[in-house]
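Reading through the structure tokens given below for one structure.
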Amino acid sequence: MRVGIAGAGAIAFGIAAFLEQSGHRPVLWSPSGARTKRLAAGEPLVATGAVEGSFHPGVARSAEELVSGADVILIVLPGYGHKHAFDAIAPHIRPDQAVIISSHASFGALYLSRLLAARGITVPIVAWGTTAVTGRQPSLTEVNVNTVRSKIDLCTVPESLSDEGLALCRRLFGDRFVQRDGLLAIALSNLNPQNHMGIALCNMTRMEHGESWSQGFNVTPNVGRLLEALDRERLAIADALGLSVRTIFEHFHLSFHVPQDTVSNMNQKMHEEGRGGTGPTTADSRYVTEDVPYGLLMTVRLGELTGREAKLHRAGVETFSAMYGRDFFAENQLLDALAINDMTLDELRTLSREGYRAEKLPA
């Protein structure tokens, strides 16, 4: 299949390599254009780790070019880039296409649904609870793929197209998907924000000093207990909504193929096996700039709607705002555009299943 990938970071590169290795035709689009210049000039994309080889993904010069040549579009950008990408691709989406969001953040699927509904279009919008791969990007022509996840939670908006969305993902990435009960479940399935909060908060000096450090090794017992406490807040919100989502223990077991244990012990096992990954080497990391406003804040809002206050998540937003001298409560463009604060829980439930109803265009 022809797969248009909006994004050109480590995850986008890893997905492009995986798809090309699987016989598909990926095309990358960097919104700024800067991250794909060398690939556009003909240099190969070299992948190491869980995906090995030299690849030649295509490069699109614009969002219109990306969409026009694709069967399916993948959004593989940090959460703070989602609104811009949705605004760019929505005018060009055709009724015979589908969109996959890897990974979903802050009800972005609803924002895209609203844009398409205004054009009278309904397509499968597939939301993943996490990314298909993890990795690092040593250069603009290299990617080290740490792991290809064995299980990925997903749902499709609208719910009536769920079978189509699941079949598409399996065709592209194989039988590794678990269909969850709607977008609210997926909103609570992405564990990266809570995990990255604890890891970044407890290792901030390493990040600021630009050290090279093992992430898994530094999830020590106290850090692990913080991650487990954050997880209990998330699970309490899911329980209030009557939803089943995986626990942090299941997440590390299924994503990184280690026996279930304490969170610290599982990370130590990953480190021993050489799969613990490296932590961020700058404070300007998506662990904070993406995951705080587009992950932690969303959990805080869901906690408010369900009456299950996420105190540790809120404290994380407040603490990082103080550390960075920024108001992360005010940086989520998607929640603001959707006016989530003005919705009732019932309204959000309905939209999360059905999306926005396509408007009939004038004849």
- Message: Can you find, within segment 82-97, the residue that is nearest to Ser113 (Cα to Cα) among those that are within 23 Å of the chain's Cα centre (by Cα) and not in a helix (DSSP H, G or I)?
- Response: Ile93
- Note on the structure: Considering only strands (runs of 3 or more DSSP E) wholly within segment 98-163, the ones with at least 3 residues that are open to solvent by 40 Å² or more (accessible area, probe 1.4 Å) are 133-139, 142-148
- Message: Let me confirm something: among Thr344, Thr350, Thr299, Thr281, which residue is closer than 23 Å to Arg180 by Cα, under 22 Å from the mean Cα position of the chain (by Cα) and among the hydroxyl-bearing types (Ser, Thr, Tyr)?
- Response: Thr299
- Item | Residues of segment 237-292 classified as in contact with a Leu (Cβ under 7 Å, 6 or more places away or on another chain) and of a type in the set (A, V, I, L, M), total | 7
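With Leu201, Leu184 as the choices, which residue is surrounded by 20 or more Cβ atoms within 10 Å (Cβ to Cβ) and part of a helix (DSSP H, G or I)? Even if it seems obvious, please write down each step before you answer.
Details: Leu201 fails: surrounded by 20 or more Cβ atoms within 10 Å (Cβ to Cβ).
Only one candidate passes the filter, namely Leu184.
Answer yes or no as to whether Val223 is at pLDDT below 95, open to solvent by less than 40 Å² (accessible area, probe 1.4 Å), more than 20 Å from Ser103 (Cβ to Cβ) and of a type in the set (A, V, I, L, M). If you could, list the steps in order and put the result at the bottom.
Numbers: at pLDDT below 95: no; open to solvent by less than 40 Å² (accessible area, probe 1.4 Å): yes; more than 20 Å from Ser103 (Cβ to Cβ): yes; of a type in the set (A, V, I, L, M): yes.
No: the conditions fail for Val223.
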- Message: Suppose we filter segment 320-341 for residues that are part of a loop (DSSP other than H, G, I, E, B), within 24 Å of the chain's Cα centre (by Cα), over 22 Å from Ala117 (Cα atoms) and of a type in the set (Gly, Ala, Ser); how many remain?
- Response: 0
- Task: Collect the residues in segment 14-36 that are more than 16 Å from Val143 (Cβ to Cβ) and part of a helix (DSSP H, G or I), keeping them in residue-number order.
- Result: Ala34
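In segment 307-345, which residue that is among the β-branched types (Val, Ile, Thr) and modelled with pLDDT under 95 is most open to solvent (accessible area, probe 1.4 Å)? Show your work before the answer.
Quick first cut of segment 307-345, residues among the β-branched types (Val, Ile, Thr) only: 317, 319, 340, 344.
Right, trim to modelled with pLDDT under 95 and you get 340, 344.
Details: Ile340: 7, Thr344: 70 Å².
Among those that are among the β-branched types (Val, Ile, Thr) and modelled with pLDDT under 95, it is Thr344.
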- Residue check for Val51: part of a helix (DSSP H, G or I), open to solvent by less than 60 Å² (accessible area, probe 1.4 Å) and touching a residue at least 24 places away in the same chain (Cβ under 8 Å): no
- Take Phe249 and decide whether it is part of a helix (DSSP H, G or I), farther than 24 Å from Asn341 by Cα and open to solvent by less than 70 Å² (accessible area, probe 1.4 Å). yes
- Thr299 passes all but one of (1) within 26 Å of Leu345 (Cα to Cα); (2) touching a strand residue (DSSP E or B) at 6+ places or on another chain (Cβ under 7 Å); which number fails? (2)
- Note on the structure: Within segment 252-287, residues among the β-branched types (Val, Ile, Thr) and either open to solvent by less than 30 Å² (accessible area, probe 1.4 Å) or assigned to a helix (DSSP H, G or I) (or both) come out as Val258, Val263
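Tell me whether segment 57-64 contains one or more residues that are part of a loop (DSSP other than H, G, I, E, B) and surrounded by 14 or more Cβ atoms within 10 Å (Cβ to Cβ).
Taking segment 57-64 as the starting set, the residues that turn out to be part of a loop (DSSP other than H, G, I, E, B) are 57, 60-62.
This time we only want the ones that are surrounded by 14 or more Cβ atoms within 10 Å (Cβ to Cβ), so: 57, 60.
Yes - at least one qualifying residue is present in segment 57-64.
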- Query: Residues Gly69, Gly79, Gly33: which one is at pLDDT below 95 and buried (at least 22 other Cβ atoms within 10 Å of the Cβ)?
  - Reply: Gly79
- Query: Within the set of pairs 6 or more residues apart or between chains, which connect a residue that is under 16 Å from Phe107 (Cβ atoms) inside segment 293-317 to a residue that is among the aromatic types (Phe, Trp, Tyr) and in a helix (DSSP H, G or I) with Cβ atoms less than 6 Å apart?
  - Reply: Pro293/Phe328
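The values are calculated or read from the model by the stated rules, or taken from the named source; none is laboratory data. Keep in mind the model is a prediction, meaning the values are calculated, not measured. Here Cβ is always computed from backbone atoms with ideal geometry, including for glycine, and neighbour counts include all displayed protein chains. In case anyone asks, the SASA skips ligands and DNA or RNA and just uses the protein heavy atoms, side chains included. Shrake-Rupley method; radii C 1.70, N 1.55, O 1.52, S 1.80 Å.
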